[in-house]
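Reading through the structure tokens given below for one structure.
The values are calculated or read from the model by the stated rules, or taken from the named source; none is laboratory data. Computed from a prediction, not measured in an experiment: that's the story for all the values here. Ideal geometry is used to build each Cβ from the backbone, glycine not excepted, and the neighbour counts take in all protein chains shown.
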Amino acid sequence: MKILISNDDGIHAPGISALYHAVGELGDLTVVAPDVERSAAGHSITLSDPIKCIPVEKEDGVSGYAISGTPADCIKLAVRALMEDAPPDLVLSGINLGSNTGISVLYSGTVSAATEGVILGIPGVAFSLCTYRDPQWDMAKRVALEITRKLMKHPIPPGLLLNVNMPNLPYDELKGVKVTRMGRSRFIEKFHKRLDPQGRTYYWLDGDLEVQDSGDDIDIHAVRDGYVSITPIHFDLTAREHLDYFQCLEERA
């Protein structure tokens, strides 16, 4: 199996090394990731600038390509140019440092890398470790390997990707795995006003997540309760249940 690995934290992030070493036994790995952190890049792509591609050899044994673009750029470039003669069978993104549950899915470059794989006809999985402090990498590596291995026997249906979020717990303290839905939520932003040394105004974004959903079947609550959350996602955003309602707009005045 040929596996393409990417992320949005950048090629030098510890999470991508953790993922690389976790699944190394499963096939041939190719790493193509942003040269610097591109968190919250969403599904943006680079159109007005050239994309630089630099080979990288990390001290931890990970080798790959550092790309001066977004996570989606990385997957496009890898599939259409760097791996053109031998395209990947699977795209794995992560392991992201920080949660990608709820509304974060729409902003996440980690999820978008996996989504781009699906757009190109390649199954994708996004892995996130829901913490910014004292990450349990050993647990995350073990979970990533287990899930990827299972997907080799039970392939992801076409048009779908999996969004995996792991609570920051030792492996033995995990409650289990739950297949969940994306919880409804939003960020309540706060912009802190500052002045630079030249007296010019700038703003620093901060805020809190407001959960607008309930139930144990949402990704946010599953992680909160100590479960690994796996959410099947597709990129067709059509609100199909409302198609009939808007038929009135087809009528001519």
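Run Arg224 past the list (1) closer than 14 Å to Thr101 by Cβ; (2) touching a Gly at 6+ places or on another chain (Cβ under 9 Å) and report the number of the one that doesn't hold. So Arg224 meets the others, but not (2). Here Leu169 fulfils each of the conditions (1) surrounded by 12 or more Cβ atoms within 10 Å (Cβ to Cβ); (2) closer than 21 Å to Leu4 by Cα; (3) modelled with pLDDT of 95 or more apart from (2).
Out of segment 1-22, which residues are farther than 12 Å from Val91 by Cα, hydrophobic (A, V, I, L, M, F, W, C) and in a helix (DSSP H, G or I)? If the condition is that a residue be farther than 12 Å from Val91 by Cα, hydrophobic (A, V, I, L, M, F, W, C) and in a helix (DSSP H, G or I), then Ile16, Ala18, Ala22 are the ones that fit. All of (1) modelled with pLDDT under 95; (2) surrounded by 17 or more Cβ atoms within 10 Å (Cβ to Cβ); (3) out of contact with any helix residue (DSSP H, G or I) (no Cβ under 7 Å at 6 or more places or on another chain) hold for Leu162 with one exception: (1). Scanning segment 9-28 turns up one or more residues that are surrounded by fewer than 16 Cβ atoms within 10 Å (Cβ to Cβ), within 22 Å of Ser104 (Cα to Cα) and within 20 Å of the chain's Cα centre (by Cα). Checking each residue in segment 229-249 for being more than 20 Å from Thr115 (Cα to Cα) and either surrounded by 13 or more Cβ atoms within 10 Å (Cβ to Cβ) or aromatic (Phe, Trp, Tyr) (or both) picks out Tyr245, Phe246. Six or more apart or on different chains, Cβ atoms under 9 Å: show the pairs whose first residue is in segment 92-113 and without any contact (Cβ under 8 Å) to a residue 60 or more places away in the chain and whose second is outside any strand (DSSP E or B) and of a type in the set (D, E, K, R). Listed pairs, sorted by first residue: Gly98/Asp9.
The strands (runs of 3 or more DSSP E) located wholly in segment 30-132 that include 3 or more residues which are surrounded by 16 or more Cβ atoms within 10 Å (Cβ to Cβ) and either modelled with pLDDT of 95 or more or not hydrophobic (A, V, I, L, M, F, W, C) (or both) occupy 63-67, 90-97, 124-130.
The set of residues in segment 123-140 that are in contact (Cβ under 8 Å) with a residue 60 or more places away in the chain and either touching a helix residue (DSSP H, G or I) at 6+ places or on another chain (Cβ under 7 Å) or among the polar types (S, T, N, Q) (or both) comprises Phe127, Leu129, Cys130, Trp137, Ala140.
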